[in-house]
Amino acid sequence: MSNWIINHGLSAFILVVWMGINIFLFVYYYLFYDQGPQFEYTRELLGSALPWARAPAAVLNFNCMLILLPVCRNLLSLLRGSFICCGRTMRKQLDKNLTFHKLVAYMIALMTAVHTVAHLLNVEWYTNSFQGRYGPLPENLSMLDDSRELNTTYLNPIRSNSTTPTLFVFTTIAGLTGVVITLALILMITSSMEVIRRSYFEVFWYTHHLFIIFFAGLVFHGAGQQVTDPPHNNSFCEDQPENWGKIPECPIPQFAGGFPQTWMWVIGPMIIYLCERLLRFIRYMQPVSYRKIVIRPSKVLELQLVKPGFKMEVGQYVFLNCPAISQLEWHPFTMTSAPEEDFFSVHIRSVGDWTEKLIKMVENLPEGGQGPKMAVDGPFGTASEDVFDYEVSMLVGAGIGVTPFASILKSIWYKKLGATIYFYWLCRETYAFEWFADLLQVLEKETEERGMRDFLTYKLYLTGWDQSHVNHAMVHFDKDTDIITGLKQKTHYGRPNWDKEFEQVRQENPSSVVGTFLCGPQALAKDLEKKCVKYSDVDPRKTKFYFNKENF
């Protein structure tokens, strides 16, 4: 339990606070519109649909204020390096920015659904009130004219029997903006599904920019919840509408529409996000040159780039833009170089249209030709930055997810640190090992020459194998190097026995704080997270494991 509190306590606290604020806003504004005397006559027309429409709107304002902040990468990097987030536990919360972004989006979707249904009922009940179906008081309230001579304003926006609910929705500012922002939200959420992002990233990327239309419509959408102004003696006058304006105690009711308030919630985050985009544009204009271009095995492209004033830390990532392919698309890639090198590098695997086009473009370059113009935004911080905060580190990479650990291993080597590293690399196909094995061969050779064999313990796992692979390995089992990677460390077939691995690390480091870092799928993350909790000792003098996952 203590380990869970250390690893997840702050995350759970933040989640509870966020949910608490959402619940408070919903309940507070529900009661405000359900019991407030200034809305008495509006409730006569709309009944309980009024608070059911306005309470979700308050929650929407709060979450629309939050939704942009988790994707302000420069702001998060600034916080990560500031004194505010100097603690390891606090920095881990910033690594969950996309998770929180999704949670906020789900809340927006839920509240939008409730808000929309309630307003559809409102329009129907406005129509019924105008037609006198709910009794004399709603009918009299609906008949009040917007007359400057009598100094009155109407309460019911339905002004004639020819106005249908559908016509009203598409001919009023609130209705039209509501339709637009709801459609934009539906498109953004559906295109954010993992199957779309992985197979049709461009669809996700372009559709997600509908947030501009969403926020523009949101600012104007909230105009005009009407209140009784000045207050009217409802308890005395509501039963005698025929006397309104005839006796001093019951003047003709007057109503005032409210000014849109959503902009006050979202103006701050919108300004911060605009600054983010401005900074991205400035970085887009900065020159980037190629130091080296290498086509690695398995269609992995290595780009070694140079940019004036560029400074990085281990495990960080950048966003790349290639105007020759698309001027709007930016894609994240973890840097595989070390901060000590005079360039920064990325390894790009062919997994989509954008990467395929880039690799084809490079393959067709003439001998000695420069690559296409490249813009770089970043670097941005990740969980792997904290690797030097631990005495012992377990690095787990799956496929191309090994990239942040290339940077870490290189940097540790350059700094000649005495850190202990356990490195695990899981790949489905044999050819996936090829492009990174050369770095491991260099490390393997130099650690032996320097007498630092304990510096790096690494294990490679081939998860997609059949009996022919095993038979081939058995025939060549007596060779000094592995038949797949050429390393002295032989490749394992199948998946790691994580219980065995964690137990080994715990026995070899009986009083250490171990940082477990993963760049890989969510299923593996859940498994490793459980193992970190399972093998951490309650005794503070014994081994503890802390889980960290790359998210970008």
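The values are calculated or read from the model by the stated rules, or taken from the named source; none is laboratory data. Keep in mind the model is a prediction, meaning the values are calculated, not measured. Positions of Cβ are generated from backbone atoms using ideal geometry, with glycine treated the same way; all protein chains shown enter the neighbour counts. Just so you know, the surface numbers come from the protein's heavy atoms only, side chains and all, with ligands and any DNA or RNA stripped out. Shrake-Rupley method; radii C 1.70, N 1.55, O 1.52, S 1.80 Å.
Some observations on this one:
- Distance between the stretch 110-128 and the stretch 503-552 - C-alpha centres, whole angstrom: 49 Å
- Sulfur and carbon atoms: percent of accessible area, the stretch 251-374 [1.4 Å]: 58 percent
- Reach of Lys544 by Cα under 24 Å, taken over lysines that are not fewer than 8 positions away in the same chain: Lys92, Lys96, Lys459, Lys500, Lys526, Lys530, Lys531, Lys534
- Net length available on complete extension from Gln35 to Ala523 is 170.9 nm, with 0.36 nm assigned per residue and the Cα-Cα distance removed.
- Gap separating the Cα centres of the stretch 295-320 and the stretch 4-43, nearest whole Å: 44 Å
- Here the Karplus relation 6.51 cos²θ - 1.76 cosθ + 1.60, evaluated at θ = phi - 60°, turns the backbone of the stretch 457-462 into coupling constants of 10, 10, 9, 10, 10, 9 Hz, with x for every Gly and Pro.
- Sites matching GluC sites (Glu not before Pro) across the stretch 276-379 that sit in DSSP coil, with at most 10 neighbouring C-beta atoms within 10 Å: Glu367
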